[in-house]
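The values are calculated or read from the model by the stated rules, or taken from the named source; none is laboratory data. Just so it is clear, the structure is predicted and the values come from calculations on it, not from any experiment. When we count neighbours, we look across all protein chains shown, and the Cβ atoms used for this are built from the backbone with ideal geometry, even at glycine. All accessible areas refer to the heavy atoms of the entire protein, side chains included, with ligands and DNA or RNA removed. Shrake-Rupley method; radii C 1.70, N 1.55, O 1.52, S 1.80 Å.
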Amino acid sequence: FLHGFYAEEDLVGSLASMSTNERIKAIQKMPETMRKKREIRNKVLKEITKKSRHRGAQCTQCLQGAAVSFRRFGNTLSEYFHQPWLWHKTLKIIGAEFGTSVLSYFVFLKWLLNLNIFSFLINFSFITIPQFLAAEPNNLSFTGLELFTGAGYFQQTVLYYGFYTNATISKVENGPSYNMQLAYIFTVGMYFVICFLILLFSMAKFFSRNFIPQKFSVNASKLLCAWDFNITNEKAVKLQQKNLHTQIKEGLTEVNKEVQNFSAVERVARIAMHLLAWVISLGTAVAACAGVYFLSINNLKLFMKGYRNDLEGQAAMLVLPVIVSLLNTLIPFFFSWLGHLEKFQTPGQHIYVTITRNIILKMSIVGILCYYWLNIVATSDSQCWETLVGQDIYRLVVVDFIFCLLGSFFGEFLRRIIGTTVFVSLGLPEFDIGRNVLDLIYAQTLTWIGILFSPLLPGIQMIAFFIVFFVKKISLMRNCQPPGKVWRTAQMMTSFIFLLFCPSFLGVLSVIGVTVWRLKPSQECGPFRGLSSMYAAVDEWIQVLESYTVSKWVAWIYHNLISSELFFFIISSFVLTVTYIYWQLIQGRKTMTELVRKQIYN
């Protein structure tokens, strides 16, 4: 015991004498449990604090103590973000019980939740907080209906574009000032640039992880090398066993694929069935888009005409989002039913076809709504058309969230009751990955479009995704059964990110570009009132910079790089060249892998 005690004291002393990076790496490499590593780290920090008390003057001691406390806080914060305790165990249980196909949905949902947390922090920090300093009191009364309609009291808050000032905010005379016009457009612009890079790097990461061939047999590595010997809890051991069991089954299913041979007549019948299903699904999407367009036109006419009382007006505001959400909820169920009639050979084919049909439906509806907002609402007689668009998007987000929860109740809970009591042959339902993933992509698309008109919309979507995560988890555990056919979904997360990037994100960039460069802002509200376009604020700022000798280099960069089509053409060519080179490298690696496998076989 004494030997172990003194050995640990020597270890703590040696770690305390190391630099911060060396100490962190040394603790990480220790063959100990996480609890033991934390104990050692805390003892080392106490030892450093103890030594710091005997060094230098009192001021130096205070600074060192603050540095140690800050370092300890940083380590704790790092642990918090790297180990998301709130859903870490949940994801492990889902992966063990339902396989990687269902798990990919929850991983994607968590990824979107983190993205919206980042979005909310960016907008709140650089747009909303400065506006609080210049905000005027809100004299409107709060009734509660605003939570659903987004109108009324919320209209005079930082939730919408129209409330933001076009003045330069300065609380101290002759002190530093804050240009709200530049802050608004640069914050939104830089946010979309960062989102673009995040999506690109995420696609590259998942692509390299799932598409590039590995150097070893995945199943052999899982059997021989994947066990974590730090696990001592019995429940954790069983969960890990079940998780590995499911992953190996999925890998073996992929290896032992059965190729079904059909006769000529059967092949013709299957092709005819697929074509008929596609014609029906595309016809349904066109009819839904036409209905949304005519409904939105009539809804705007009624809104501009006015209502007899406030309650009637509030109810009329919800007609469009309710109809849109109803179409987006019911039609995907119809698409899933069509997919079951087509009898695909693998569950993956069924999911990808369902996702494609749903993306056509949802993105077409979003496209119709964007046309309505940018070509009809923006040219209407409304005093602040940007706030009107922001309210529409807010209502769509809130109603879509409500319908998402109702979809879990009617689509999974009632289906379980029917399958276990009325029609026992149906059994428990399976989790519909395609429909649920497209719900997430549709919700995120609305949030991206709405950021310009409602800067705090990511905060609302963040809360919605957080609730959806746990509602879907409970519904999955209580109402659904594991997939009937076990299959491995290595490329599914890559496909989800790609669909989020194209057409969702690229389509949103087009909408934002038209709004910022082409449309004239409202004359009576918002930070860009009185300008010919939102981007005119940047042109005016550049003209001011040109009058100062010190900042002429900024104006040169703007005119010769940012405003130059040739510069972006060169960048695009470089990116495409690098992408092509990497693609050829991947193809070469695949060829070399096949040659090596043949040599090993020989």
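Values as computed for the structure displayed
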quantity	calculated
Shape category assigned to the range 99-531 from the gyration tensor of Cα positions, a/c cut at 1.5	prolate
Chain lengthening between residue 10 and residue 129 when straightened (0.36 nm per residue, less Cα-Cα)	37.8 nm
Two-site label geometry, residue 346 and residue 540: point separation in nm, points 7 Å out along Cα→Cβ	5.8
Pair residue 138, residue 532: separation of 7 Å Cα→Cβ label points (nm)	3.6
Å² per residue, accessible surface of the range 99-531 at 1.4 Å	49
Protein accessible area in the range 432-540, 1.4 Å probe - carbon and sulfur %	62
Entries in 110/242; 92/249; 37/472; 46/235; 242/362; 362/473 that, when Cα-Cα distance is taken, lie over 26 Å	37/472; 46/235; 242/362
Computed FRET value (nearest 0.05) for residue 286 with residue 584, which takes r as the C-beta separation and R₀ as 45 Å	0.65
Relative contact order (percent, whole number), the range 99-531, Cα cutoff 8 Å, 6+ residue spacing	31
Förster-model FRET efficiency, 25 Å R0, residue 24 and residue 477, C-beta, rounded to 0.05	0.10
FRET efficiency, 1/(1 + (r/R0)^6) with R0 41 Å, evaluated for residue 147 and residue 225 via beta carbons	0.20
